[in-house]
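Report on one structure; see the data block that follows.
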Amino acid sequence: MHALKKNRPLRRIVLAGAATVSGMVLLLSLKPHTSPTPVIADAKSPAASSSSAPSASSSGAGSGKSTGTRTVTGETVQTRWGPVQVRVTIRSGRITDVTAVQYPQDNPRDQEINSYALPQLRREALAAQSAQIDMVSGASYTSTGYQQSLQSALDSAGR
C-alpha cells in the first residue's frame with residue numbers, strides 16, 4: 001500500500017499545507033519589474049535644464065582646474081525607483097558642495113528614504129572628497145545612482 005493512502009491522512013494534510021505555504025512565500029516574494037523610463041527633455045519642460053549630459057560652469061579669479069570655483073552636474077543615472085543626478089561644486093581642487101538635483105520622490109516611501117539618505121550621502125562625499133563613499137542602508141539604489149552621477153561629475157571636472 002502506498003504511503004499517502006487512507007491509513008495516513010495526517011501526512012497528506014501536512015504535505016499539502018507545506019506546499020501551500022511554500023507557494024505563497026514564493027508568490028509574495030516576487031516583485032513587479034518596472035522598466036526605467038527615459039528622460040525626455042523638451043524646451044518647455046523643467047527637465048530640459050537638467051539634461052542627462054554632464055555640464056560644467058566655472059567662475060572665480062583663477063582660470064585653471066586647481067583655482068577658482070567650478071560647478072559640474074553629473075549624468076542622470078536611471079535606477080529602479082527613478083532617476084538620480086547630482087551637482088558638485090569644486091573650489092581650489094576640493095569638493096565644497098554636493099547637491100542632489102534629481103532623486104526618486106514619487107511616493108511617500110521614496111520621500112522618507114531620501115530624506116535621510118541624501119544628507120548622509122552628501123556628508124560622505126564631502127568627507128571622502130571623491131565618489132568612493134559608503135552606501136546608505138535601505139537606500140541602495142539611490143546610493144548607487146548618487147555614486148555614479150557624482151563620479152561622472154568629477155570626471156567632467158577633471159578630478
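Give me the residue from the range 111-135 that is crowded, with 17+ Cβ neighbours inside 10 Å and in contact (Cβ under 8 Å) with a residue 24 or more places away in the chain and, out of that set, farthest from Ser149 (Cα to Cα). This residue is Ile113. Scan the range 109-159 residue by residue and report those that are in a helix (DSSP H, G or I) and basic (Lys, Arg). Passing the criteria: Arg109, Arg122, Arg123.
Just so you know, all these numbers are worked out from the coordinates, no wet-lab data involved. Computed from a predicted structure; not experimentally measured. All Cβ positions, glycine included, derive from the backbone under ideal geometry; neighbour counts span all protein chains shown.
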